[in-house]
Structures are given as C-alpha cells and as structure tokens.
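One structure below.
Quick note: the coordinates plus some simple rules give every number you see, no bench work behind them. Since we're looking at a predicted model, the values are computed, not measured. Here Cβ is always computed from backbone atoms with ideal geometry, including for glycine, and neighbour counts include all displayed protein chains.
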Amino acid sequence: MDNQPLPLLDTIDMEILMHRDAHFGKNFDVMIDYYAKDGVGAMHDFDLSRIRNLKEIETQERVDLAEALLPEAAKEEVQKCLELYRDLEALFDKDPKPKVPCLIADLILSEEEMPQKEIDALAENPDKVVAPLLDLLHSKDFTSPISPGYGHAPYRAALCFHVLQSESSIAPLFEALGHSDFATDEALFKALRHQGEEAKTFLLKRLKHKPYCKESDNAASSLAAFGDDATVAQAALTLLEDPEVQQRSTLAPTLVFLTAPLEEAKDQERLIALLNNKDLNNELVFEINSIKKVWNK
C-alpha cells in the first residue's frame, strides 16, 4: 500500500487524532485502553471501533496520520495543550511546591468524574483560592477537549463555589454564564445560590436593569435556583406586567415560573389578569395557565 494515497479523514477522525496526540502521547493503544474503560475525558462522539480502525490504517500505512494529515492550525492546538501540560506538571517539581497552584493543577488534572478530594482541599484555603479559581473559570486555555482537563476545568472551578462563599465572586460567577456548556451553567446557578442574600440582591438588580438583554435572562435563570422565594416572586410578577418583558420570549416564561410561590389572592389575580392581553404569545399563555392550575389545586 506504500504507493497508495493516504485515506481522506472526516472531521471526527481529525479530532480523534488531535485527542490522541494531546492526551495519550500519540499512542493509540493507550487511548484505546482509556476509552474501553470510559475514562472521564472520553469523548462521546468518538466510537471505539473507529479509533481501532485508525490504528490499523496507521499501522498499514507506516505513517503518523496526525503528522501527515492534520492541518497546521490543529497541530498548533495540540502543541499548545502539550505546553500547558508541561507547565502544570512543572509546578510539582518546584521546591518548595507552590501550594495553591498545585491544588488548582490537581483539580484540572483529576481523572475523577467528581473531583471531591481536590474540591475539599481547595475549600480548606478559602482566602487564597477564590481569585485563581475565578481565573480558571474565565480562562480560554482550558475550555477545549484538546486541553488539560478535557475541557472540564471551568465546570470544576464552578463546583468549588458550591462550598466556597465570597461576595467578590458573585459578579465573576454571573459573568461566566453562557460562555461554556449547559453543565457549567447549572453549576454556576448553584454556586450563585450558595453565595446567599448578597447574590440574590445582585441578581434582582441585574434582572430589573434596562434595557432587557441576555443578562436579564441569565439573572432570571439564576434566581430560579433559589427555590420558592417570595421576594423573587414579587419582582417577577412586577416585571411581567411590563409589555416589553412580555415580548421577550427568552425571559418572560422563566419569570412566570418564578411567580409560583405567590400565595396572596390579589397577587395571583394580577398574573392571571395578563391572560386578558390579546397580544400575549401562546407560550406565555400556556405557562401562566400552568401556574394557574397549580394554584387551583
């Protein structure tokens, strides 16, 4: 087959090769073993049989497929990952070891689905870890699957704030919403809830701020994590009476959900009265009627 052209690879194949070179020392056998054990960094889009196929092709062709076929931009991304790995590992070779940077590195490099030991270790140093954890949460260096931690680092940083309380973290936690995946946003909602009354006050202020925008949506979703809260419910009801809010399909349904704790008949009637608005969109009508049924029970 030496005179035959190399097979064309699709996008997933390219990503498999990048993943191999970034995390498994360019060794298909190590990668296959890791995927067979469903390691925490395994990509669900990668089929184990396809990884084995690529190994066979590489063996038959007697060529490094990544070196031969990956574009330069992909090779540079892999190289950046390897450099980050070296930087993290170098921390543990320093004498004395820098305690907090090593704890952050442990969090990033953990192979546990839930790195509880690493989170607990960071929580023992609350005055020193908040700033570096926020830096990690906002860093673009650790968001890709082709990076140390397989792209889980922002999520793990958010998890730490489920046990860390710091007023200075509220705004950065909020600002991180929408910049990663769904799981990270869910972790951020819980992290904000853990910050208590200060976070609720901050979020209510953001919720009411005009012009209504993506931040308003994020504030409403964050407040939903606070559970049944009378103050939040009253604020949501007042906002829903604003025609501008009613037209914002990404905000209004969440606000209706937040009104569920309302107990006073006069407050419930204010929400139900919105159904008289013929311009109300069908989704909002449905949501209000759903809350109405809950109250009737």
- Message: Around Leu262, under 12 Å between beta carbons, what's the net of Lys plus Arg minus Asp minus Glu among the other residues?
- Response: -3
- Query: Which three extents, in whole angstrom, do the alpha-carbon atoms of region 32-139 cover along their principal axes, largest first?
  - Reply: 55, 28, 27
- Query: Tally Lys and Arg at +1 and Asp and Glu at -1 over the other residues with C-beta under 11 Å from the C-beta of Pro115: what net charge comes out?
  - Reply: -4
- Task: State, as an integer percentage, the relative contact order of region 204-296 based on alpha-carbon contacts under 8 Å between residues 6 or more apart.
- Result: 26 percent
- Of the listed links Lys26/Lys75; Lys80/Lys190; Lys26/Lys55; Lys210/Lys292; Lys97/Lys128; Lys266/Lys293, those spanning more than 20 angstrom between alpha carbons are Lys80/Lys190; Lys210/Lys292
- Efficiency of FRET from Cβ geometry, Gln79 and Cys102, R₀ 22 Å, rounded to 0.05: 0.35
- Take each of the peptides 54-63, 94-103, average the number of other beta-carbon atoms within 10 Å over its residues, and list them starting from the highest. 54-63, 94-103
- Query: Based on the alpha-carbon gyration tensor of region 104-172 and its eigenvalue square roots a ≥ b ≥ c, which shape applies: rounded if a/c is under 1.5, prolate if not and a/b is larger than b/c, or oblate?
  - Reply: oblate
- At 20 °C and 1.002 mPa s, grab the translational diffusion coefficient of region 204-296 from Stokes-Einstein with a Kirkwood Rh over Cα pairs, rounded to a whole number in µm² per second. 165 µm²/s
- Note on the structure: Around Pro253 (Cβ within 11 Å, Cβ-to-Cβ, excluding Pro253; K/R +1, D/E -1) the net charge comes to -2
- Note on the structure: Residues whose built amide H sits under 5 Å from the amide H of Gly196, excluding neighbours closer than 5 in sequence, are none
- Message: Please report the projected area of region 11-70's Cα convex hull averaged over all directions, in nm².
- Response: 3.7 nm²
- Note on the structure: Debye calc, one equal point scatterer per Cα of the chain, no solvent, log10 I(q)/I(0) at q = 0.07, 0.16 1/Å comes to -0.40, -1.14
